1. So VAL71 passes all but one of these: (1) surrounded by fewer than 17 Cβ atoms within 10 Å (Cβ to Cβ); (2) modelled with pLDDT under 85; (3) of a type in the set (Val, Ile, Thr). Which condition number does it fail?
2. Any chance you could count how many residues in the stretch 225-250 are farther than 21 Å from THR183 by Cβ and at pLDDT 85 or above?
3. Would a scan of the stretch 168-176 turn up a residue that is exposed (fewer than 14 other Cβ atoms within 10 Å of the Cβ), among the polar types (S, T, N, Q) and either assigned to a loop (DSSP other than H, G, I, E, B) or touching a helix residue (DSSP H, G or I) at 6+ places or on another chain (Cβ under 8 Å) (or both)?
4. Quick one: what pairs do we get from the stretch 192-215, first residue assigned to a helix (DSSP H, G or I), second hydroxyl-bearing (Ser, Thr, Tyr), C-beta under 7 Å, 6+ apart or different chains?
5. Name the residues in the stretch 41-65 that are under 25 Å from ASN83 (Cβ atoms) and hydrophobic (A, V, I, L, M, F, W, C), would you?
6. Select, from TYR251, TYR180, the only residue that is in a strand (DSSP E or B), of a type outside the set (A, V, I, L, M) and out of contact with any Ser or Thr (no Cβ under 6 Å at 6 or more places or on another chain).
7. What single numbered condition from (1) modelled with pLDDT of 80 or more; (2) outside any strand (DSSP E or B); (3) under 21 Å from ASN40 (Cα atoms); (4) within 17 Å of the chain's Cα centre (by Cα) fails to hold for GLU156?
Amino acid sequence: MRKIAAALSALALAVSLAACAEEGGTAQGDGSGGSEAANNLVALAKQVGDRTAESSTAHMVFTGGAGGVEVKGEGDIKVGGDNPSIKMDMDTGSMGTMSLVLLDGVLYMKLPAELSPGAKPWLKIDSKDKSNPMAQVLGSLTEQMRQNADPRQALEQFQEAGTIESSAQEELNGQQTTHYKITVDVQKLAENQQDPTLKNAMQEAIKSGLKDFPVELWVDEEGLPVRMAIEMPTADPTSGKTVPVQVQVDYSNWGEPVDIQAPPADQVGEFPS
C-alpha cells in the first residue's frame, strides 16, 4: 500500500500542475500585461487563468516519481464548478499499470490485478466515508487532488510564496513559448497551506534544511501552458512522512472535448477496511 500511496502522491502533484496550468494566462496574449507577468507571479497566474478558463479541458502527459516509485502516464482533465473531473492511466514500472477517475468528489482506482484487494477491478474511495479507516487515509489524498484541480486554489498557493526569477523565449514541442523559472519559498507555502498533512510535510522539509524549490512553466503564444515541471515536498498519505516528488506535465488539445465517466457500477467495489 505504501508503493500505491507513493504513486498516488506523484499523481496528485501531476493533477496540481494541471490545475495550475488551467488557471494560469496570457503572458503575451492581450498585449496589455505581458511585461508585468514576466516579473510578477500574481499577474502571470491571473493572465493564464483568464485565458485557460475559456478552454477548461486539456490532455496531459506526465512523468514523475515519489518514494522510489517512478510514474508515467497520460489523461484528461476538466475543471469548472466545485468538482473537477480527471481521468488518468499510469505505468508504475514494477507495480504495473493503474487507472484513476475522479468524478463528483469520488476517486475510482483500478489497481494491477495482483494488488487489487477485491474481485472487482475498480475500487471506490469516498473521503466522506467515515467508517472505513483505509478509505479515510487515501480519501485525504482524494480531497487534495480535488482541491488542487481547482486552478484558483492551486495557483493561489504558489503566487503568495513564489517569485519569477527569469523568463525567456524558447521553442518547445514545435511551439514558440515563454519559459518562466520560478522559486517557491517553502516557509511561505507552509504558512498558507490549508491541508494539515501537507503543511506538516512542508514543515518537516524545512527542518531538514529545505528552503525553496523550483517550478518551471512554458506558456505558448496564445497564453496556454505547454509544459510545467516541479520538484517539491509532499506527504505520503499512509505515513504522513515527507516525500520528495518530481513531476513534469506536458499539455495539449486545449478546449477539445473530453469523455470522463465513472466505471460501470458492476465493476466497482468498496475499499476494504
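The values are calculated or read from the model by the stated rules, or taken from the named source; none is laboratory data. Note that the structure is predicted; figures quoted are calculated from it, not measured. Here the Cβ is made from the backbone with ideal geometry for all residues, glycine too, and neighbour counts use every protein chain on show.
1. So the condition that VAL71 fails would be (1).
2. Number of matching residues: 1.
3. Yes, the stretch 168-176 contains a residue that is exposed (fewer than 14 other Cβ atoms within 10 Å of the Cβ), among the polar types (S, T, N, Q) and either assigned to a loop (DSSP other than H, G, I, E, B) or touching a helix residue (DSSP H, G or I) at 6+ places or on another chain (Cβ under 8 Å) (or both).
4. These pairs meet every condition: THR197/SER140; LEU198/THR234; ALA201/THR234; ALA201/THR242; GLU204/THR242; ALA205/THR242.
5. The initial filter retains those residues of the stretch 41-65 that are under 25 Å from ASN83 (Cβ atoms), namely 45-46, 48-62, 64.
Correct list: ALA45, VAL48, ALA53, ALA58, MET60, VAL61, PHE62.
6. Numbers: TYR180 fails: out of contact with any Ser or Thr (no Cβ under 6 Å at 6 or more places or on another chain).
After applying the criteria, what remains is TYR251.
7. In the conditions (1) modelled with pLDDT of 80 or more; (2) outside any strand (DSSP E or B); (3) under 21 Å from ASN40 (Cα atoms); (4) within 17 Å of the chain's Cα centre (by Cα), GLU156 misses (1) alone.
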